[in-house]
Amino acid sequence: MRREEDEWVRSGALDAGGSFRIAARLLLVAALATGAVQIAIVATTSITAFVFLAALGAVGAKAGGAPVVAAASRVTSWVPRRWRSPR
């Protein structure tokens, strides 16, 4: 039984690592496509990350059999509140 658990853990780690690598490359492409203006790079990267987060919530909901729109909105609803400056 222990060997099967090790294979599951290894498989999950590889899947997580691969998804992080893909997401990082997509954000890097979005930043490079923006140009050299720093504020545009920050805005583009933030918006792209927000869109990918919503897509990931939708994919996870679909895989788990949950309502897709509700899950995507639940995942992304806290992000704008966290991005506000603490004043």
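Data for the structure
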item	result
Candidate set: region 1-29, residues that are over 14 Å from the mean Cα position of the chain (by Cα) and of a type in the set (A, V, I, L, M); chosen: the one modelled with the highest pLDDT	29
So residue 59, is it out of contact with any Phe, Trp or Tyr (no Cβ under 9 Å at 6 or more places or on another chain) and at pLDDT 80 or above	yes
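The values are calculated or read from the model by the stated rules, or taken from the named source; none is laboratory data. Since we're looking at a predicted model, the values are computed, not measured. Please note: Cβ atoms are built from the backbone with ideal geometry, for glycine as well, and neighbour counts cover all protein chains shown.
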